[in-house]
Structure formats: C-alpha cells, structure tokens
Amino acid sequence: MTRGVATLPPVLRDAIWTEVRSFSKFTAENDPHRDRGFGTFDLPGTGRIFWKIDSYNPSPNWHSENPADLAQTVRVLTVMLASEY
C-alpha cells in the first residue's frame, strides 16, 4: 500500500482491503487490458482507490516474460489513493 493508504484510519484501510479482495466489477473503464490486474472503486471517506497487480521476474528487477508461469513470476499488488497517482 502507498503512504496515503497507510496513513488512513484502520477502519478505512480494512474497508479498502475488503473491497480489493472481493472486487469483481471489471469493466472496460477499470480493466482496460482485460487481464483483471487493475481496478478502481470509490469508498466513502477516501475517494477513488486504484489497485494494480504487476508481474515481475523473480529478481524482481523487470517485468516477467511469461506472467502465467509461476516459476518465473512474482506478483506485486499496489493499492493507492487516486490522488497519489
């Protein structure tokens, strides 16, 4: 999580994590690459939240050549306030 999310009160952080874990409202707007690796939602008290899953090689110094291969992929989830983008 980014600094902005980390500084929110625990009740708001918990609500954000709950929404990210259960997110299923993928649309062309919030999932432009159609890989379910990005999403957005609005949460009262925080505004718009972005989350993204990036696939890196095991180093992790570069993106994975084959994200479907778990032997050569480390996934990193980032959750941020839209205002931090």
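The values are calculated or read from the model by the stated rules, or taken from the named source; none is laboratory data. These numbers come from a predicted model, not from an experiment. Cβ placement follows ideal geometry from the backbone for every residue including glycine, while neighbour counts extend to all protein chains displayed.
Taking into account only those residues within segment 30-68 that are closer than 26 Å to residue 83 by Cβ and aliphatic (A, V, I, L, M), which is farthest from the chain's Cα centre (by Cα)?
Of everything passing the filter in segment 30-68, 43 is farthest from the chain's Cα centre (by Cα).
I'd like to verify a number: residues in segment 26-66 that are touching a helix residue (DSSP H, G or I) at 6+ places or on another chain (Cβ under 9 Å), of a type in the set (S, T, N, Q) and over 25 Å from residue 6 (Cβ atoms), how many?
3
Restricting attention to segment 67-85, report how many residues are part of a loop (DSSP other than H, G, I, E, B) and closer than 19 Å to residue 1 by Cβ. Even if it seems obvious, please write down each step before you answer.
As a first pass, look at segment 67-85 and keep what is part of a loop (DSSP other than H, G, I, E, B): 67-69, 73, 85.
Narrowing the set further to residues that are closer than 19 Å to residue 1 by Cβ leaves 85.
Of the residues in that region, 1 qualify.
Does any residue in segment 42-71 that is at positive phi and at pLDDT below 90 come within less than 8 Å, Cβ to Cβ, of a residue that is assigned to a strand (DSSP E or B) and loosely packed, with under 15 Cβ neighbours inside 10 Å six or more places away or on a different chain, and which pairs are these?
none
Output the residue which, of all residues in segment 40-73 that are touching an Asp or Glu at 6+ places or on another chain (Cβ under 9 Å) and of a type in the set (A, V, I, L, M), is nearest to residue 20 (Cα to Cα).
49
Tell me which residues, restricted to segment 33-83, are charged (D, E, K, R) and surrounded by 13 or more Cβ atoms within 10 Å (Cβ to Cβ).
Initially, segment 33-83 is screened for residues charged (D, E, K, R), giving 34-36, 42, 48, 52, 54, 65, 69, 75.
Hits for segment 33-83 are 48, 52, 54, 75.
So, in segment 1-58, how many residues would count as being of a type in the set (Gly, Ala, Ser), in a loop (DSSP other than H, G, I, E, B) and in contact with a strand residue (DSSP E or B) (Cβ under 7 Å, 6 or more places away or on another chain)?
Final tally of qualifying residues: 1.
Give segment 8-29 a look and list any residue that's at pLDDT 95 or above, more than 12 Å from the chain's Cα centre (by Cα) and either among the charged types (D, E, K, R) or surrounded by 11 or more Cβ atoms within 10 Å (Cβ to Cβ) (or both), or say none.
8, 12, 13, 14, 15, 18
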